[in-house]
Amino acid sequence: MSLKNNPWVQAARIRTLPLSVSGIILGSFYALSQSYFNWKILGFGILTTIGLQVLSNYANDYGDGIKGTDNDNRVGPKRAIQSGAITPEAMKKGIVITALLTLFFAICLIFVAFSDEYLMYSLFFLALGILAILSAVKYTVGKKAYGYFGLGDLFVFFFFGWVSVLGTYFLYTKQMDYLLVLPASALGFLSAGVLNLNNMRDVISDAESQKNTLVVKMGLANAKIYHYSLLGVSILLTLLFAILYGFRIDQYLFVLVFIPLVKHGITVYKNQEARLLDSELKKLALSTFVLAILLSMCLIF
C-alpha cells in the first residue's frame, strides 16, 4: 500500500496542514522583522500545530463516524471510520497517541522559548496547549461536542488566528504587539471561512444528523453572506495592517492573493450544488497559506 493510500494518512487530511501552519509562519517572520528569531521555536511550533491539526482531523473522523454524521448522504470524501478503513477502537488509540505526541512537542516548544526563566509564562502556555488539545478533540467527540452547537467557527478563529500568530510572536519576544492583531484576525477569519465552506458543503447531511453547525442554524443563503464577510474583512484587515505598519509600495506583493480570494467568493456566490464546493476548500486553504507566506516575506525584505 502506497503512503498516499494509507488510511491513516488519508484520515490526517494532508491538504489541511498548510493552513494550520500559516499563523506560525506569520508570527515567526513578524518576530524576525524585529530581530527576534529561533529555529527551534519555529520547528517545534510547526510540529505542535501539525499535531493539533492531525489530532483534530482524527477526532473529527471518530466523532462524526460513531455518531453516524458521516453517512452515505454526506457530500465530501468518505472518512476512515465511515468507510471501514479504520475501526473506531483503532482510531481511539490513534487519537491518544497523537495527543501525547502533540503535548510532547508543545512542552519542548515551551522549554525552548522560556527555559526556566519565565515560570508563569510556561504555565500559561502549557495550559493553553492542553486547552488546544482538548478543543481539537471536543469539536465532534462527546455528548457536548461544541461543533454540534455551532461554536466551531469561534474556536477556529481563536486558535488559528490569535493564538497561532500572537502566541508565536510572544514565544520569541516575551511581549505583545497589538498591531499584529490585524493580520492575526485576518488569518483567523479566513480559517473560519474554510470551516464555513466545509459546513456549507455538508449542510444537508449535518442537518439530518442534528449537527447544528452555524450554517445549519443560519441557512445556506445567510451562510454565503457570512462567507463573503469573512473574506472581505480579512482583505481589509490585511490592507489596514500594511498601511499602519508603513509598507513601501513594493511590499504590497501580498495583494496578489486577493485575486483568487475574490474569484473564490464569486464561485461561492454562483454555486447551486453543495458537492461542487469541495474543490473550493483546497483553494481557500492554500490562498490563506500563500497570503501568510507573502506577507511574511514582505515584512523582512
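The values are calculated or read from the model by the stated rules, or taken from the named source; none is laboratory data. Everything quoted here is computed from the prediction, not taken from an experiment. Quick reminder, even Gly has a Cβ in these numbers, built from the backbone with ideal geometry, and neighbours come from all protein chains shown. Only protein heavy atoms, including side chains, enter the accessible area calculation; ligands, DNA and RNA are left aside. Shrake-Rupley method; radii C 1.70, N 1.55, O 1.52, S 1.80 Å.
Neighbours of Val54, meaning other residues whose beta-carbon lies under 13 angstrom from its beta-carbon, give a summed charge of +1 when Lys and Arg score +1 and Asp and Glu score -1. Sorting Val194, Val215 by accessible area puts them as Val194, Val215; the probe is 1.4 Å, largest comes first, and only protein heavy atoms count.
Springs between Cα atoms under 10 Å define the GNM used for the chain, and in it the highest mean-square fluctuation of Gly147, Gly68, Gly23 occurs at Gly68. Net charge dipole, the chain: roughly 440 debye, given to the nearest 20, about the Cα centre with Cβ charges of +1 for Lys and Arg and -1 for Asp and Glu. The aspartates and glutamates whose alpha-carbon is closer than 13 Å to the alpha-carbon of Lys270, local same-chain residues fewer than 8 away aside, are Glu280.
Accessible surface comparison of Tyr62, Tyr226, probe 1.4 Å, protein chains only, largest first: the order is Tyr226, Tyr62. Residue-wise HN-Hα couplings along the range 59-67, as the Karplus relation 6.51 cos²θ - 1.76 cosθ + 1.60 with θ = phi - 60° gives them from phi, are 5, 5, 4, 5, x, 5, x, 6, 8 Hz; Gly and Pro carry x.
Note on Lys263 and Ile300: the extension gain reaches 10.5 nm, defined as 0.36 nm multiplied by sequence separation minus the Cα-Cα distance. Whenever you get a sec, compute what percent of the accessible area on the range 1-138 sits on carbon and sulfur atoms (1.4 Å probe). Looking at the range 1-138 in its full context, I get 68 percent from C and S. In the chain, helices alone account for a calculated mean residue ellipticity at 222 nm of -22500 deg cm²/dmol, with every DSSP H run of four or more residues adding -39,500 (n - 2.57). Of Lys40/Lys67; Lys67/Lys263; Lys78/Lys263; Lys67/Lys217, which ones are farther than 31 Å apart at the Cα? Listed pairs above 31 Å: Lys40/Lys67; Lys67/Lys263. Computed with a 1.4 Å probe on the full set of protein chains, the accessible area for Arg275 sits at about 140 Å².
Ranked by solvent-accessible area (1.4 Å probe, protein heavy atoms only, all chains present), the residues Thr173, Thr267 order from largest to smallest as Thr267, Thr173. Shown is the FRET efficiency for Ala221 and Val290, computed with R0 = 35 Å from the Cβ-Cβ distance and rounded to the nearest 0.05: 0.75. Using the Cβ of His264 as centre and a radius below 10 Å, the other residues enclosed give a net charge of +1, where K and R count +1 and D and E count -1. Each residue of the range 24-37 is assigned a 3J(HN,Hα), and the resulting list reads 4, 5, 5, x, 5, 6, 5, 5, 4, 5, 10, 6, 10, 6 Hz, derived from the Karplus form 6.51 cos²θ - 1.76 cosθ + 1.60 (θ = phi - 60°), x at Gly and Pro. Computed from backbone phi, the HN-Hα couplings of the range 268-281 come to 5, 4, 7, 5, 10, 10, 4, 4, 6, 6, 4, 5, 6, 4 Hz, rounded to whole numbers (Karplus: 6.51 cos²θ - 1.76 cosθ + 1.60, θ = phi - 60°; Gly and Pro given as x). Inter-label distance, Ser115 to Trp8: 3.7 nm, where each label sits 7 Å from its Cα along the C-beta direction. Between Lys92 and Lys282, residue separation times 0.36 nm minus the direct Cα-Cα distance comes to 65.7 nm.
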